[in-house]
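Trainee: Below you'll find the structure I mean.
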Amino acid sequence: ARIGTAGTVPALMRAFGGASPELRAAIAAAVLQLDPARVRELLETLVAGRDQASKIGVIRTLVQVRADDPLPLLGPLSRDPDPAVRAEAVAALHAGGKRAAPFVAEALADPDETVRARAVDAAVRLELSEHGADLLRLVTSDPSPRVRERAALGIGLLRVSGGDAALLAACRGAQPPEVLERQAGVHLQDPAAPTGAGDQGDAGALGGVPR
């Protein structure tokens, strides 16, 4: 970080509480780089408050600066009481690598449909094929058409055991036409296509499928 050295962290920590959402995001990114041991203090301040803008700002900044280990902040924020914060954090969990898998697994069962949809995206980006059973559950029983559609894509991209034919047979008649069409054409998608965290008009993840 170019904001200073470890010796500047106490001053940054003092400034964090009364800072604007934008400045809080910058301070969190700096502290994470300069003195990771102090991150828990920042997290406690964030979680204790209801400042949605600060939480979302911190999440987006961690992704933008490509923090070395953002999981100590992203993981707990993926469990935040605010569904908008959870959705933002889950969309960024890929930055934590495979160690983020437990948080992704929890998010696949989140009560909020946007969080579940973004958890599917995260599972695909992290290639968490071990959660294929969770995606099958979502595509067959999730109440949200958006989540079922994304789960159908994820099953194809992760090559979940059972194959496309078995999946289509299990879902035929129970899913809207657009979901079946996505399943049938899933291999036309590029598994390596980049996806992004955060709101992008609710599009751009899993090869540009609308959320």
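The values are calculated or read from the model by the stated rules, or taken from the named source; none is laboratory data. Predicted model only: the values in this text are computed from it and were never measured. Please note: Cβ atoms are built from the backbone with ideal geometry, for glycine as well, and neighbour counts cover all protein chains shown. We work out accessible area using only protein heavy atoms, side chains counted, and drop any ligands, DNA or RNA first. Shrake-Rupley method; radii C 1.70, N 1.55, O 1.52, S 1.80 Å.
Trainee: Whenever you get a sec, compute what percent of the accessible area on the range 1-114 sits on carbon and sulfur atoms (1.4 Å probe).
Mentor: Values: 2920 of 5480 Å².
Heavy-atom surface of the range 1-114 belonging to carbon and sulfur, 1.4 Å probe: 53 percent.
Trainee: Sticking with this one: Please compute one quarter of the surface area of the Cα convex hull for the range 1-155 and express it in square nanometres. Don't skip to the end; give the middle numbers.
Mentor: Details: hull surface 34.1 nm².
Mean projected area of the Cα convex hull: 8.5 nm².
Trainee: Still on this structure, please answer the following. Would you calculate the separation in nanometres between label points at Thr140 and Ala53, each defined as 7 Å from the Cα along the Cα-to-beta-carbon direction?
Mentor: In this crude label model, Thr140 to Ala53 measures out at 4.6 nm.
Trainee: Between Gln64 and Thr8, with labels modelled 7 Å along Cα→Cβ, what's the label distance in nm to one decimal, could you check?
Mentor: Inter-label distance under the simple model: 1.7 nm.
Trainee: Report the one residue of Val63, Val115, Ala84 whose Cα lies farthest in the direction of the positive end of the charge dipole of the range 54-115 (charges on C-beta: Lys and Arg +1, Asp and Glu -1; origin at the Cα centre).
Mentor: Highest projection toward the positive end goes to Val63.
Trainee: Would you mind computing, in nm to one decimal, how far apart the modelled labels at Thr45 and Lys98 are, each placed 7 Å from Cα along Cα→Cβ?
Mentor: 3.5
Trainee: Still on this structure: Say R0 is 25 Å: what FRET efficiency, to the nearest 0.05, do Ala37 and Glu106 get from their beta-carbon distance? Before the final figure, lay out the partial values.
Mentor: Numbers: r = 25 Å, r/R0 = 1.02.
It comes out at approximately 0.50.
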